[in-house]
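Report on the following structure.
The values are calculated or read from the model by the stated rules, or taken from the named source; none is laboratory data. Nothing here was measured: the structure is a model prediction, and the numbers come from that model. Positions of Cβ are backbone-derived with ideal geometry, glycine not excepted, and every protein chain shown enters the neighbour counts. Just so you know, the surface numbers come from the protein's heavy atoms only, side chains and all, with ligands and any DNA or RNA stripped out. Shrake-Rupley method; radii C 1.70, N 1.55, O 1.52, S 1.80 Å.
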Amino acid sequence: ISGATNEEFAEMTELAKKMGAETRFTATDAAKTMRILAQAGFSVSETMTAIPAVMTLASAGMVDLSQAAEIASNAMNSYGLKAEALPSINNVLVRAINQTNAELSDLGTAFAYVAPIARALGADFEDLVGALGLLHNAGLKGSMAGTSLRGILDALFTPTKEEAEMMEVLGKRI
């Protein structure tokens, strides 16, 4: 899956063992996470660099490594970001779960519903995650938050004729 050479595979195996020895996660957990990252399009070097960041996200979000890898890589890929952006993505997600009523798994679910339209509209990644966090504070969790924000963005950027006229009257052009 990763396209690793024999030498790279040996390096990945050693890294998985090292992570298993030095963190609360097992070597098997690390290896499974490397597979998920490779499936998400990470190169061997990107995968090896990303493992510590994914472990940090999993710990902060109180989820398993596989789930953290999926959430982070989905966010990265849906926003067209490169693997080197993963630490920044993680920081934004961790800040949201620490400062709002959102859990990482709920943010991951919400993000799947709203990210494509948000990216197409040019919404900032941090602003999007912040808005999802606030919706979680209001009691809209997971898919409800994502669907609600998607609807809001869609309504703002594709208003009906009447809505567009009202926004024009109010002086709100989008």
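Restricting segment 70-88 to residues that are buried (at least 18 other Cβ atoms within 10 Å of the Cβ) and farther than 17 Å from ASP106 by Cβ, the residue that is farthest from the chain's Cα centre (by Cα) is ALA83. Within segment 89-112, if we keep just the residues that are small (Gly, Ala, Ser) and part of a helix (DSSP H, G or I), the residue that is farthest from the chain's Cα centre (by Cα) turns out to be ALA96. Residue count for segment 103-144 under the criterion of being free of Cβ contacts under 8 Å to residues at least 40 places away in the same chain, closer than 17 Å to GLY61 by Cβ and among the small types (Gly, Ala, Ser): the result is 5. Among the residues making up segment 20-34, a single one is open to solvent by 30 Å² or more (accessible area, probe 1.4 Å) and under 9 Å from ALA69 (Cβ atoms): LYS32. Taking segment 129-142 as the range and being in a helix (DSSP H, G or I) and open to solvent by less than 50 Å² (accessible area, probe 1.4 Å) as the test, the residues that pass are VAL129, GLY130, ALA131, LEU132, GLY133, LEU135, HIS136, GLY142. Checking ALA155, ALA118, ALA145, ALA164 one by one, the residue that is in a helix (DSSP H, G or I), within 18 Å of SER105 (Cβ to Cβ) and open to solvent by less than 90 Å² (accessible area, probe 1.4 Å) is ALA145 and no other.
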